[in-house]
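Report on one structure; see the data block that follows.
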Amino acid sequence: MRRYETIIILKPTLGDDENQAVLDRAVGNIEADGGATIRVDKWGVKTLAYLIQKEKQGYYLYLLYSGTPEAVAEMERLLRIDDRVMKYLTVKLQDVYTHLPEDDLEISGPPAPPVSKILADDDDDSDDEDDA
């Protein structure tokens, strides 16, 4: 399953029960399709950079989860039709990249020639135009 993160901005006038209901609905949709919720953060009411639906503030929710693309599409559909949700954004996270230290790398093949030799060879190639 792929990992995703979603930020949901709710209307600031909603109560804690309404905010929790939106969160439960989103998490329930993910888990119903076999996904797993990794992290849920309630960032609270924050000032928006610009007006959204004539509101200056919004209640932010952050979800980090794993699931199928179909589950994400269904959750976004539910968020789109919910009047309590002002805006949302879902991002698919990259696969985890593990960095190997240079000591653990195995290099095969002959060593690369020094840069000065490569530059000298390039200068000799410019004379080939006169030979043709």
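Computed from the coordinates by the stated procedures, all read-outs in this text should not be read as laboratory data. Just so you know, these numbers come straight off a predicted model, no measurement behind them. Cβ atoms come from the backbone with ideal geometry, glycine included; neighbour counts cover every protein chain shown.
Using a simple spin-label model with pseudo-atoms 7 Å out from Cα toward Cβ, LYS92 and ALA32 lie 2.3 nm apart. Let me know the Kirkwood hydrodynamic radius for segment 2-92, please, with Cα pairs as the basis and the value in Å to one decimal. So the Kirkwood estimate lands at 13.2 Å.
Relative to the current alpha-carbon distance between TYR50 and ARG25, full extension at 0.36 nm per residue lengthens the span by 6.3 nm.
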